[in-house]
Amino acid sequence: MSIGSWFEDFVNQMGEQRMRRRKQLPELIEKPYWTKDAFARDSARLEVLGYAVESEADNDSYVSSTYPANTGGGFGQLSRTVTRRVPSIHVTYRRDPQSH
């Protein structure tokens with residue numbers, strides 16, 4: 001497990017404990033995940049609280065955008081492409097009101 005995966009799991013675990021401690025369990029929760037492992041671990045924690053996956057979308061892990069060259073002429077690159085890593089899994093959970 002990488003440091004990023006560990007941190008994502010830690011944040012998800014703290015969120016679950018905070019909801020449990022405050023007894024604030026919303027009907028819907030929307031969460032992004034960077035990895036399938038984080039999704040699986042967090043999904044299991046939320047299932048214990050009565051949540052089920054309502055929808056799941058898998059996207060590309062990287063997005064790119066091309067920016068035009070600066071105006072005013074000059075030499076160098078005419079345009080620039082920037083690529084960033086983003087959460088690739090977006091999940092909506094719904095809580096069964098009969099649960100717990």
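The values are calculated or read from the model by the stated rules, or taken from the named source; none is laboratory data. Since this is a predicted model, take the numbers as computed values, not measurements. Glycine gets a Cβ as well: all are built from the backbone with ideal geometry, and neighbour counts include every protein chain shown. Each accessible area value is taken on the protein alone, full model and side chains, heavy atoms only, with ligands, DNA and RNA left out. Shrake-Rupley method; radii C 1.70, N 1.55, O 1.52, S 1.80 Å.
Annotations for the structure displayed:
- If R0 is 30 Å, the Cβ-Cβ spacing of Arg80 and Asn59 corresponds to a FRET efficiency of close to 0.85.
- Scoring 37-50, 8-21 by mean Cβ neighbours within 10 Å over their residues and listing the highest first yields 37-50, 8-21.
- The apolar share of the surface of the chain, taken as the fraction of accessible area on carbon and sulfur atoms (1.4 Å probe, ligands and nucleic acids excluded), comes to 54 percent.
- Charge context of Thr92, other residues only, Cβ under 9 angstrom, K/R +1, D/E -1: -1
- Charge context of Thr66, other residues only, Cβ under 14 angstrom, K/R +1, D/E -1: +2
- For the chain, the solvent-accessible area of protein heavy atoms averages 74 Å² per residue (probe radius 1.4 Å; ligands and nucleic acids excluded).
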